[in-house]
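The next block holds one structure in the form of structure tokens; read it before the comments.
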Amino acid sequence: MTRRFLSHEKFAALVAALLATNTRVIAPVRAKDDPAQFDYLPIQKFRDAEFGARLPRRSAKEYFLPATEVLLHYKQTKAGVEIREVPTEAPPQVILGATPCDVAGLEVVDKVMGWDYCDELWFGRRQATTIVSFLCNMMDATCFCTAVGLAPDSFRGSDVLLVPVAGGYLAHVITSKGEALLQGYVVEADAAALADAEAAQNEARQAVEHHLPAIPAEFPGWLAANFDNPVWKTIALRCHGCGACAAVCPTCHCFDIVDEHESVDSGVRRRNWDSCQTSLFTLHASGHNPRQSQSERFRQRIQHKFSIYPSRFGEILCTGCGRCSRSCPGGMDLPKLLGELMTLANPGPEARNP
Amino acid sequence: MNIYQPHLMRIREITDETVDTRTLKLEFQDSGVAEQFCFSAGQFGEYSVFGEGESTFCIASPPTRTGYIECSFKASGKVTQAMRRLAVGDTVGFRGPYGNHFPIEEMKEHSVVFIAGGIGLAPVRCAILNVLDLRDQFKDVTIVYGARSVGDLVYKRELEEWAQRSDLKLCLAVDPGGETPDWKGLVARIPTAVEQTVTTTEDTFAIICGPPIMIKFTLPVLVKLGFPGERIFTTLENRMKCGLGKCGRCNIGPTYVCKDGPVFTAAQMRELPQEF
Amino acid sequence: MSELNDLARKLLSECTVKVVIGYEEGSRGVRPAFITDPEQACKLVFDTRCVQNLAAYLNPRRKQITQLGKPAIVVKGCDARAVAGLIREQQITREGVVIIAMRCGGVLQRSETASELTSDTVSVRCAGCNDRDPKLFDHKLGELPPEPPVNPHRDEQIATLEKMTSAERWNFWTGELSRCIRCHACREACPMCFCVQCTADKTQPRWIDPSSTPPANRAWQTMRVLHQAGRCVDCLECERACPEHIPLGLLARHVANTMQRRFDYVASEDPSVAAPYGVFRPSDDEEFIR
């Protein structure tokens, strides 16, 4: 990892060069339906992007795991069935101005996507993508990245982290991919830029650290041991089981596989986003459903993210972005719930020694 | 080729086991794949009807018999209904083998008791045939198999072959009311049949599969007979899609049925949260 | 709001109900409350932030709630029409719920912060409201506030859509619905989508493909909104739930306008008034059948 300086002019030139080579460049863009909101969208011009304004409404995961994607094409013939493969190599793309919470999520999901069987579709896109993240100064009261071991200046999942300083950016060049991207555009960073960046990074961390305490190491074990705790019966009464939280989450990756006809004798097999919050997720063909009410389904969400995934992969399946809470139509608030569960797990000296 | 792409299989033979249960004998269309393909008893696959979808079944034939695999299924949902409409010569997709397997190696030099109910014989049959194909490497072999009625017994051809063998003890049972006038087997539920048939647990493994209610009432019998939890094996099923640990659907607590299972010991089952 | 808190405490301590479903302070505005302890009744609030239609929580499929016992529910007049719909369609009985109706002068379009109701901040659904003084209730609370300011935004959008040619409207909706990821959050949040098995989830036969593709998305959304014809109470929970911010309320409103024009029907607060889909009259408009 090296630190360099990238001026505003050079940054604009870099992006213009990428756009000229028809590399897809994805960046935060002001939403048409609501000018106060932002989405990660492909840009045609550098000016279309606005950096550091607001956390985009949805995560960047759709550029690696689309809401729907074709796994294969099939065609019935007189001789049987022909399969046409889909490419696993993806065209190059750059994600610009991603928040650390979004890109860290990619590295977290890499673990399950690479578990024994390599998901070539996911990794094809991962390999084809260079990620330039920005120091986050957009936190609101719902953010809690530091509680899950990340930070507004986390390097995880990123190739370059840009920190705004006078005249441009202090560029943390994290990977060789990042180095290749910035080659020719960056210069030595002077002491002032280094100091400014460090101060900005510290300030950002302090702005979010107090939102939720760090999840203790014992928490995954407590969750596993408290599978039958009565708290699950009441903690999610207001949850509709709508799955909006999973749609906007940077780490939710559960999917369904379906076949669809495109004509009488041909069609596709697709993989589609799915969510453990829906009532059909675990429904057997026999009609039996191991998770019969929203209490059990919400328990699964918490258990998967904060106990099961950590126990299998050593990673919390959450990056603290807070989108689940912001998007919930039923007023569920995950960081608040986590805080309540953590207090239940560790009531504090007063409760233990009344 | 990505991990979700199945091998193409051709249906070589169709056997109707019962009114609603069918067995397909499948062979790989690609001889290179056929040559390389190997699996262990207890593993499963994702079988597809193109245009309808995929369904999860165990591999019902043993690894000792090469050149084909078999699966047995009941036509219950969209995919299995479509599978039932296929004919010999039609194409089926297959992804696998997935999951863990029965401890065939560890069972060598020991005795085995196989217990199955209804279509639960399918995953167990794979292990039974595996053992019988290597018969002299195992001590005593006992099979207790039952169903609701005579009509519901599957693999009738094999049942007749096993009845002829002198190197295994076979007990067939149907539930009270399920017998026919010429039924020669037991009229009793599985737990009772097991009690009457299994005399020793010394140096013996138990493999059991069947409807959840059968397992629920038979496990205590096995425990009472003296089987330790580590020597009772069963296979679990759960709603699956990818079969290889990524789609997030089949977990029971931290255990993924497609990766840590589908074969589990009774001791492992006791540790699982009650969510299956 | 002590009138509401007192009533809730009384209903719970006298065991008239086992749970009061209402609103309480949340992290970003208010959130649904499920009060089972009379001592917690003081948590209930009612103000312009109370946008959410709570009737969805009366759905009999929600076992985690039904097992709490007989509910009381805090509703605005518009929400009460959803409760009436659930009673009309026999999902709940009239005796099975205690309805606490609140006189209402409008709610905010965005409920995160309390702010004054102006024509910019008021919810689009409050325009033309006839339910400020609710007609379906066991208890009616609050003073009748003045009429809310009118937020013309949605009616303007609808007028624009209605002026479009078919082709233009097709393009508009294909574009908007291209973002639909088939998460069905709209359905789960809707009080009137209570089917045990949704048509979109049927596999035998599969009426609508489950993937996010233009034809399937169009089929899903138009089917859902047509299934809501005469039933939808325009609460906009569908739009609030949609993670892709598709203006589903425009479709719902358009269908509701059509039902009003053709059948002179608005989803009624009276459970005994039959909805058009449940009734045939020889005078029904049939000009659309060609």
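The values are calculated or read from the model by the stated rules, or taken from the named source; none is laboratory data. If you're wondering where the values come from, they're calculated on a predicted model, not measured in any experiment. All Cβ positions, even for glycine, are placed from backbone atoms using ideal geometry, and neighbour counts span all protein chains on display.
At a glance:
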item	result
Listing of helices (runs of 4 or more DSSP H) fully contained in segment C:208-263 that carry 1 or more residues being of a type in the set (Asp, Glu) and away from chain A (no Cβ under 14 Å)	none
Residue match in segment C:33-50 (condition: part of a loop (DSSP other than H, G, I, E, B), surrounded by fewer than 19 Cβ atoms within 10 Å (Cβ to Cβ) and either within 14 Å of chain A (Cβ to nearest Cβ) or at positive phi (or both))	yes
Residues that are exposed (fewer than 13 other Cβ atoms within 10 Å of the Cβ), more than 23 Å from the chain's Cα centre (by Cα) and of a type in the set (Lys, Arg), drawn from segment A:1-51	A:45, A:47
Candidates A:256, A:333, filtered to the one that is touching an Asp or Glu at 6+ places or on another chain (Cβ under 9 Å) and within 10 Å of another protein chain (Cβ to nearest Cβ)	A:256
Within segment A:260-274, considering residues that are assigned to a loop (DSSP other than H, G, I, E, B) and at the interface with chain B (Cβ under 9 Å from one of its Cβ atoms), the one nearest to residue A:239 (Cα to Cα)	A:274
Residues satisfying the stated conditions in segment B:132-146, i.e. surrounded by fewer than 24 Cβ atoms within 10 Å (Cβ to Cβ) and either in contact (Cβ under 8 Å) with a residue 24 or more places away in the chain or assigned to a strand (DSSP E or B) (or both)	B:132, B:133, B:134, B:135, B:137, B:138, B:139, B:140, B:141, B:142
Residue in segment A:249-257 that is under 26 Å from residue A:213 (Cβ atoms), outside the structural domain of residue A:140 (by TED's automatic domain parsing) and not in a loop (DSSP other than H, G, I, E, B) present	no
Residue pairs meeting the criteria (Cβ under 9 Å; at least 6 apart or on separate chains; first at positive phi, in segment B:250-276; second among the hydroxyl-bearing types (Ser, Thr, Tyr) and surrounded by 20 or more Cβ atoms within 10 Å (Cβ to Cβ))	B:253/A:307
1 or more residues away from chain A (no Cβ under 14 Å): qualifying helices (runs of 4 or more DSSP H) within segment C:95-205	C:153-163, C:166-177
Hits in segment C:67-91 (condition: within 13 Å of residue C:17 (Cβ to Cβ) and of a type outside the set (D, E, K, R))	C:68, C:69, C:71, C:72, C:73, C:74
Close pairs from segment C:1-26: first within 27 Å of residue C:114 (Cβ to Cβ), partner aromatic (Phe, Trp, Tyr) and surrounded by 13 or more Cβ atoms within 10 Å (Cβ to Cβ), Cβ under 7 Å, at least 6 apart	C:1/C:46; C:4/C:46; C:19/C:34; C:21/C:34; C:21/C:57; C:23/C:46
Qualifying residue in segment B:196-210 (condition: in the same structural domain as residue B:121 (by TED's automatic domain parsing), out of contact with any Cys (no Cβ under 9 Å at 6 or more places or on another chain) and in a helix (DSSP H, G or I))	no
Given (1) more than 22 Å from the chain's Cα centre (by Cα); (2) more than 30 Å from residue B:272 (Cβ to Cβ), number of the condition residue A:207 does not satisfy	(1)
Of all residues in segment A:92-118 being within 14 Å of chain B (Cβ to nearest Cβ) and acidic (Asp, Glu), the one that is farthest from the chain's Cα centre (by Cα)	A:116
Hits in segment C:1-22 (condition: of a type outside the set (Ser, Thr, Tyr) and farther than 17 Å from residue A:234 by Cβ)	C:1, C:3, C:4, C:5, C:6, C:7, C:8, C:9, C:10, C:11, C:14, C:15
Test: residue B:197 is closer than 30 Å to residue A:275 by Cα and of a type in the set (Ser, Thr, Tyr)	no
Condition check for residue A:327: in contact with a helix residue (DSSP H, G or I) (Cβ under 9 Å, 6 or more places away or on another chain), within 11 Å of chain C (Cβ to nearest Cβ), under 25 Å from residue A:154 (Cβ atoms) and hydroxyl-bearing (Ser, Thr, Tyr)	yes
Any chance residue A:98 is closer than 25 Å to residue A:138 by Cα and surrounded by fewer than 16 Cβ atoms within 10 Å (Cβ to Cβ)	no
Criterion: more than 11 Å from residue C:21 (Cα to Cα), within 15 Å of the chain's Cα centre (by Cα) and in contact (Cβ under 8 Å) with a residue 60 or more places away in the chain - qualifying residue of C:94, C:61, C:81	C:81
Pick from segment B:49-79, criterion more than 23 Å from residue B:263 (Cβ to Cβ) and either more than 14 Å from chain C (Cβ to nearest Cβ) or of a type in the set (Asp, Glu) (or both), ranking: surrounded by the fewest Cβ atoms within 10 Å (Cβ to Cβ)	B:67
Test: residue C:20 is more than 10 Å from chain A (Cβ to nearest Cβ) and among the β-branched types (Val, Ile, Thr)	yes
Residues of segment B:193-204 classified as buried (at least 20 other Cβ atoms within 10 Å of the Cβ) and touching a His at 6+ places or on another chain (Cβ under 6 Å), total	0
Check on residue C:22, crowded, with 21+ Cβ neighbours inside 10 Å and at negative phi	yes
Tabulated pairs, segment A:180-208, first under 15 Å from residue A:160 (Cα atoms), second surrounded by 12 or more Cβ atoms within 10 Å (Cβ to Cβ) and modelled with pLDDT under 95, C-beta under 6 angstrom, 6+ apart or interchain	none
Qualifying positions in segment C:183-208 - crowded, with 23+ Cβ neighbours inside 10 Å and more than 15 Å from the chain's Cα centre (by Cα)	C:183, C:184
Within segment B:1-48, tally of residues that are in contact (Cβ under 8 Å) with a residue 40 or more places away in the chain, acidic (Asp, Glu), within 14 Å of chain A (Cβ to nearest Cβ) and more than 21 Å from residue B:258 (Cβ to Cβ)	2
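Residue-by-condition table, conditions (1) touching a residue at least 60 places away in the same chain (Cβ under 8 Å); (2) under 21 Å from residue C:270 (Cβ atoms):
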residue	(1), (2)
C:113	yes, no
C:117	yes, no
C:121	no, no
C:125	yes, yes
C:132	no, yes
C:148	no, no
C:152	no, no
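Residue by residue, here is whether (1) farther than 15 Å from residue B:100 by Cα; (2) away from chain A (no Cβ under 14 Å); (3) in a strand (DSSP E or B) holds:
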| position | (1), (2), (3) |
| --- | --- |
| B:216 | yes, no, no |
| B:223 | yes, yes, no |
| B:233 | no, yes, yes |
| B:241 | yes, no, no |
